[in-house]
Amino acid sequence: MEPFTIYFFIGFFAVIIALNILYFLWEDQQEKNRSENIKAISFRIGMHFSAEDAYNIFRILEDFQLFQRGSGKLVKNILLRQERNSKLYILDYKYSASSGKSKHDYWQTVAFFQTENIRFTQFLLKPESMWDKLGHFFGYQDIKFENYPRFSEKYLLKGSNEQAIRQVFTDNVLRFCEAKIGVYPPTQATPCVEAADSRLIFYRENTRLQPEELESFRQEALEVFDLFRVIS
């Protein structure tokens with residue numbers, strides 16, 4: 001092999017390595033900036049801030065479907081406040097999924113309510129994806145409501161006790177959920193709700209909010225919590 005060719009390949013791989021290092025450093029700095037911005041906002045909106053999972057949230061929610069996906073799971077940038085005699089946490093959650101030789105990180109902002117005096121019926125509500133629609137042919141559960149075809153078309157609803165879930169999803173709840181259906185992309189614009197026992201989470205798939213959006217997200221999460229706690 002010619003010396004020029006050898007030097008070319010050495011230089012090429014050196015540039016690739018350098019670019020990867022620079023990207024890693026840039027990404028790390030972006031995460032640090034995000035944490036600092038969320039910490040600053042926490043004082044303004046009256047919430048306690050923790051950069052790491054000091055509350056063992058992952059352990060508390062590890063049986064929820066969102067927290068069972070993928071690998072490399074991480075909970076960080078946690079805000080905490082007492083709301084409606086319950087604890088409200090707002091947090092960044094990440095999991096990783098591999099496709100072939102590549103790996104992708106999926107981040108979302110999650111609101112988590114933990115209460116001592118409410119017991120929620122176990123259910124999962126999420127925007128219905130193409131794979132969910134295919135699952136119908138294999139008999140996978142999806143609870144439908146004849147009087148609410150738009151809800152039934154756009155959402156996947158399932159849980160261990162269908163009769164109890166139908167009692168929870170009253171006309172008022174169904175209308176509220178229909179009003180929340182997003183446009184583009186529908187699986188990210190439309191919210192997810194998962195509940196069981198004393199726990200309820202609210203989020204949008206693969207959507208991590210900017211720090212300045214967290215206060216309005218808190219208000220939206222409280223709407224959802226109020227809706228389901230009344231009928232639980």
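Worth pointing out:
- Meets criteria (over 21 Å from the mean Cα position of the chain (by Cα) and part of a helix (DSSP H, G or I)) for residue 141: no
- Any hit, segment 43-58, residues being within 16 Å of the chain's Cα centre (by Cα) and either of a type outside the set (Asp, Glu) or part of a strand (DSSP E or B) (or both): yes
- Given (1) touching a helix residue (DSSP H, G or I) at 6+ places or on another chain (Cβ under 8 Å); (2) under 13 Å from residue 92 (Cα atoms), index of the condition residue 41 fails: (2)
- Checking each residue in segment 151-162 for being assigned to a helix (DSSP H, G or I) and either surrounded by 15 or more Cβ atoms within 10 Å (Cβ to Cβ) or modelled with pLDDT under 95 (or both) picks out 151, 152, 153, 154.
- Residue ID - surrounded by the most Cβ atoms within 10 Å (Cβ to Cβ), chosen from residues in segment 177-193 that are closer than 17 Å to residue 147 by Cα and in contact with a helix residue (DSSP H, G or I) (Cβ under 9 Å, 6 or more places away or on another chain): 177
- Scanning segment 93-130 for residues that are over 22 Å from residue 60 (Cα atoms) and of a type in the set (Lys, Arg) yields 101, 103.
- Residue that is surrounded by 19 or more Cβ atoms within 10 Å (Cβ to Cβ) and either β-branched (Val, Ile, Thr) or not in a strand (DSSP E or B) (or both), where the choices are 214, 174: 214
- Residue match in segment 105-128 (condition: of a type in the set (Gly, Ala, Ser) and farther than 20 Å from residue 225 by Cβ): no
- Every pair of residues 6+ apart whose Cβ atoms lie under 6 Å, when the first sits in segment 68-79 and is closer than 9 Å to residue 93 by Cα and at pLDDT 95 or above while the second is assigned to a strand (DSSP E or B) and not charged (D, E, K, R): 73/95; 75/91; 75/93
- Each residue in segment 145-193 was checked for being under 21 Å from residue 120 (Cα atoms) and polar (S, T, N, Q), and 6 pass.
- Condition met for residue 165 (surrounded by 15 or more Cβ atoms within 10 Å (Cβ to Cβ), closer than 20 Å to residue 231 by Cβ, in contact with a Leu (Cβ under 9 Å, 6 or more places away or on another chain) and modelled with pLDDT of 95 or more): yes
- Residue in segment 156-173 that is closer than 27 Å to residue 78 by Cα, in contact with a Phe, Trp or Tyr (Cβ under 7 Å, 6 or more places away or on another chain) and either touching a residue at least 60 places away in the same chain (Cβ under 8 Å) or not acidic (Asp, Glu) (or both) present: no
- Qualifying positions in segment 19-52 - at pLDDT 70 or above and hydrophobic (A, V, I, L, M, F, W, C): 21, 38, 40, 41, 43, 45, 47, 49, 51
The values are calculated or read from the model by the stated rules, or taken from the named source; none is laboratory data. In this text the structure is predicted, and so the values were computed from the model without any measurement. Positions of Cβ are generated from backbone atoms using ideal geometry, with glycine treated the same way; all protein chains shown enter the neighbour counts.
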